[in-house]
Number of protein chains: 2
Amino acid sequence: MRRHPSKQQIKVAADAAIFTVIGGRLQILLIRMKKRPFTGRWALPGGLLGDRDTARSAVCRILEEQAGMTSCYFLEQLAAFDTPARDPLGRVVSIGHFALVPPTDFRLRTTPKYSDVRWWRADRLPPLAYDHKAQAAAALARLRSELGRSNIAWSVLPRAFTLAQAQSVYEAILGRTLDKRNFRKKFLALGLAAPLGRKSSGAHRPAALYRFRSRRAAGSL
Amino acid sequence: MRRHPSKQQIKVAADAAIFTVIGGRLQILLIRMKKRPFTGRWALPGGLLGDRDTARSAVCRILEEQAGMTSCYFLEQLAAFDTPARDPLGRVVSIGHFALVPPTDFRLRTTPKYSDVRWWRADRLPPLAYDHKAQAAAALARLRSELGRSNIAWSVLPRAFTLAQAQSVYEAILGRTLDKRNFRKKFLALGLAAPLGRKSSGAHRPAALYRFRSRRAAGSL
């Protein structure tokens, strides 16, 4: 087989900004690095592609190894990050990914490769390795943008949810409180949720329940 | 300097799906390849990254060389395309880009590297090299999606335009006719355009003119 004649020395990696909502706060998954030059620094999970990997399969494998992830259906590509100096060990283009997931899809445990893995509040991140601060910011911007036009929040809501529950998740992701009446109007106007009935809660008028019409993650290419 | 120990053999390329509107039709820029294994096949402009290139700078350089492009301000990243078999000469990850541009930003001429370069109707594409059919389809989907929430059409409209002109461009990009009243209502509801006055056109009531509030391309990360 004729090969590409180029002497190009660029490697390809994949990273992932994985978000969830715990305790009414948006959280992001970080691992703590052992190897130089980022010893002790926190980073997004990621790594170089193997010969048979696509960027997506690399991220799924790495998330399973590094964070005990049990499913990968939710992952979307974010963008390629290619600033020449982003990795001090040589030229690496990273294909960034992002997802909003239920925290129960992960079984966090420390592996030999990293000294720690945990959820961090997205608004209180420590210094990050590589260009991961920029990747996390781009992923958060994309997540917030998707929120206004897709059902991406389905994974962090129960199958049948009240509008108060939806509002709480939207507030966690947007990082600000929302006006109750405005939220309800706009959320229902998106046409993504259908009414399900009412939830009995004792003496008071029960809260209306909704479900997303589709549970498939939207917003992919 | 310690280097990445990986023996990874993946090269990095960048491609571009460049759209314009000519004669009320959406068009896409294609070059015709000389080199094997795609001799005679049409393709999106693109190529491997040089050592000092970012994906964006590579695309801008290639578009200038291959299609006489005079400006690059409009270019947005689309996605990374990484199907392992997308290039028969070896593993290449391509960072796809897209743009909607005025045709006057190009001076098409045949260069030694390619046997032809021209605009093609986006709904009548010839067979394309590599995975460029999928890249063109993804770029078109993104362009149509941007159209409903950004001012991306500004580059193919005059600075002062009538709603009839805007509708014609939207119809070209969406590939279908739109109801006049609905289009006007939705277009103005986007809040992207501001009224400018009226265009005198003889005996009849002149058509209202609009301009985009911003000429900056939206939708980037």
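The values are calculated or read from the model by the stated rules, or taken from the named source; none is laboratory data. No experiment lies behind these values; they were computed from the predicted model shown. Reconstructed Cβ throughout: ideal geometry from the backbone, glycine too, with neighbour counts over all protein chains shown. What goes into the accessible areas is simple: the full protein's heavy atoms, side chains included, and nothing from ligands, DNA or RNA. Shrake-Rupley method; radii C 1.70, N 1.55, O 1.52, S 1.80 Å.
Determine if segment A:133-154 includes at least one residue that is without any contact (Cβ under 8 Å) to a residue 40 or more places away in the chain, of a type in the set (K, R), exposed (fewer than 15 other Cβ atoms within 10 Å of the Cβ) and not in a helix (DSSP H, G or I).
no
Residues in segment B:59-84 that are under 30 Å from B:Q8 (Cβ atoms) and either at the interface with chain A (Cβ under 10 Å from one of its Cβ atoms) or of a type outside the set (A, V, I, L, M, F, W, C) (or both): how many?
The total comes to 12.
So which of B:E171, B:E146 ends up being acidic (D, E), touching a helix residue (DSSP H, G or I) at 6+ places or on another chain (Cβ under 9 Å) and within 19 Å of B:R121 (Cα to Cα)?
The match here is B:E171.
Considering only residues that are away from chain B (no Cβ under 14 Å) and not in a loop (DSSP other than H, G, I, E, B), which ones fall in segment A:85-118?
Selection gives A:A99, A:L100, A:P103, A:T104, A:D105, A:F106, A:Y114, A:S115, A:D116, A:V117, A:R118.
Matching residues to (1) touching a Lys or Arg at 6+ places or on another chain (Cβ under 6 Å); (2) assigned to a strand (DSSP E or B); (3) open to solvent by less than 50 Å² (accessible area, probe 1.4 Å):
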| residue | (1), (2), (3) |
| --- | --- |
| A:A166 | no, no, yes |
| A:T177 | no, no, no |
| A:L196 | yes, yes, no |
| A:A208 | yes, yes, yes |
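Regarding A:A217, is this residue within 23 Å of A:Q77 (Cα to Cα), under 26 Å from the mean Cα position of the chain (by Cα) and either modelled with pLDDT under 95 or open to solvent by less than 40 Å² (accessible area, probe 1.4 Å) (or both)?
Working: within 23 Å of A:Q77 (Cα to Cα): yes; under 26 Å from the mean Cα position of the chain (by Cα): yes; either modelled with pLDDT under 95 or open to solvent by less than 40 Å² (accessible area, probe 1.4 Å) (or both): yes.
Here the answer is yes, as A:A217 does meet what is asked.
So A:R56 ticks every box in (1) touching a helix residue (DSSP H, G or I) at 6+ places or on another chain (Cβ under 7 Å); (2) within 9 Å of chain B (Cβ to nearest Cβ); (3) farther than 20 Å from A:P112 by Cβ but one. Which box is left unticked?
It is condition (1) that A:R56 fails.
In the list B:P126, B:P84, which residue meets the criterion of being over 19 Å from B:R144 (Cα atoms) and free of Cβ contacts under 8 Å to residues at least 12 places away in the same chain? Steps first, answer last, please.
Numbers: B:P126 fails: free of Cβ contacts under 8 Å to residues at least 12 places away in the same chain.
On inspection, the qualifying residue turns out to be B:P84.
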